[in-house]
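In what follows, a single structure is set out as structure tokens and then discussed.
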Amino acid sequence: MARPPSTANLLHFDGIPPATAPSQAGGPPIWLGGAAPAALTRTGRRYDGWLPYPPDPADYRTGLAQVRRAAADAGRATDTITPALFVSVLIADTVESGRDALADYSRANYGLALRDLEAIQAVTTGPSAQVAAHLAGYIAAGARHLVCRIGTVGLGSARDQLERLAEILPGLRGPSCGSGGSGEGRGEGGAGADEGGGRAAGEVVAHAHGGT
């Protein structure tokens, strides 16, 4: 059956008040989350930050190196691109109890078994020291802004997780956690050391949001 022809009317609005001005010149920074080769190249050429979630810190290091090569090839300063990380975090008394809780989170939020989520996303659980060590591995690979998604499905447990995560953040922001970072980082924290150039590496910025 043939569809009847359709017409569309163009709407015009007059007298719209100006939008709130951005807090920084040029507007907010735009980050790209892709990790495919083409996305890494685009990030280096055009974007203000990189926000991937690779399961392995080694893949983060490799991807960031490609982003920086693309930036240099495009005539951009590599330290103008924020190297960030998206990671699901759950601090638990034991790895086993943490994985049980993360399994519920994975099914509720992604419809995936935990092992399937771990194959495609950065996920960490266990006692505080173990979680901190895992995150420090990404910082050592160059990450300077951590977006920590709380791996729980309840509001009460999310608050508890925020408090437990806050206890390990000072150590992650300190100079002993990583090296090889960019010069970015306008948040709170201490600077790391840059292996390549011997300069200050940018502050490690970390924040968290609930998993529901």
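The values are calculated or read from the model by the stated rules, or taken from the named source; none is laboratory data. Since we're looking at a predicted model, the values are computed, not measured. Cβ sites come from the backbone with ideal geometry, for glycine too, and all protein chains shown count toward neighbours.
Before moving on, here are some points about what is shown:
- When residues of region 68-89 are limited to those that are assigned to a helix (DSSP H, G or I) and basic (Lys, Arg), the one nearest to residue 125 (Cα to Cα): 68
- Pick from region 75-106, criterion without any contact (Cβ under 8 Å) to a residue 24 or more places away in the chain and over 23 Å from residue 34 (Cα atoms), ranking: surrounded by the most Cβ atoms within 10 Å (Cβ to Cβ): 103
- Residue that is nearest to the chain's Cα centre (by Cα) [pool: residues in region 52-62 that are part of a helix (DSSP H, G or I) and surrounded by 14 or more Cβ atoms within 10 Å (Cβ to Cβ)]: 60
- Of the set (1) part of a strand (DSSP E or B); (2) at pLDDT below 85; (3) out of contact with any Asp or Glu (no Cβ under 7 Å at 6 or more places or on another chain), all apply to residue 201 but (3).
- Criterion: under 28 Å from residue 29 (Cα atoms) and either buried (at least 18 other Cβ atoms within 10 Å of the Cβ) or in contact with a His (Cβ under 8 Å, 6 or more places away or on another chain) (or both) - qualifying residue of 65, 143, 72: 143
Yes/no per residue for (1) part of a strand (DSSP E or B); (2) closer than 29 Å to residue 67 by Cα; (3) in contact (Cβ under 8 Å) with a residue 60 or more places away in the chain:
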{"site": "124", "(1), (2), (3)": "yes, yes, no"}
{"site": "132", "(1), (2), (3)": "no, yes, no"}
{"site": "137", "(1), (2), (3)": "no, yes, yes"}
{"site": "148", "(1), (2), (3)": "yes, yes, yes"}
{"site": "152", "(1), (2), (3)": "no, no, yes"}
{"site": "156", "(1), (2), (3)": "no, no, no"}
{"site": "160", "(1), (2), (3)": "no, no, no"}
{"site": "166", "(1), (2), (3)": "no, no, no"}
{"site": "169", "(1), (2), (3)": "no, yes, no"}
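- Evaluation of residue 35 against (1) under 13 Å from the mean Cα position of the chain (by Cα); (2) within 11 Å of residue 82 (Cα to Cα); (3) touching a residue at least 24 places away in the same chain (Cβ under 8 Å) (one fails), failing number: (2)
- All positions within region 10-51 that are among the polar types (S, T, N, Q) and either assigned to a loop (DSSP other than H, G, I, E, B) or over 14 Å from residue 64 (Cβ atoms) (or both): 20, 23, 24
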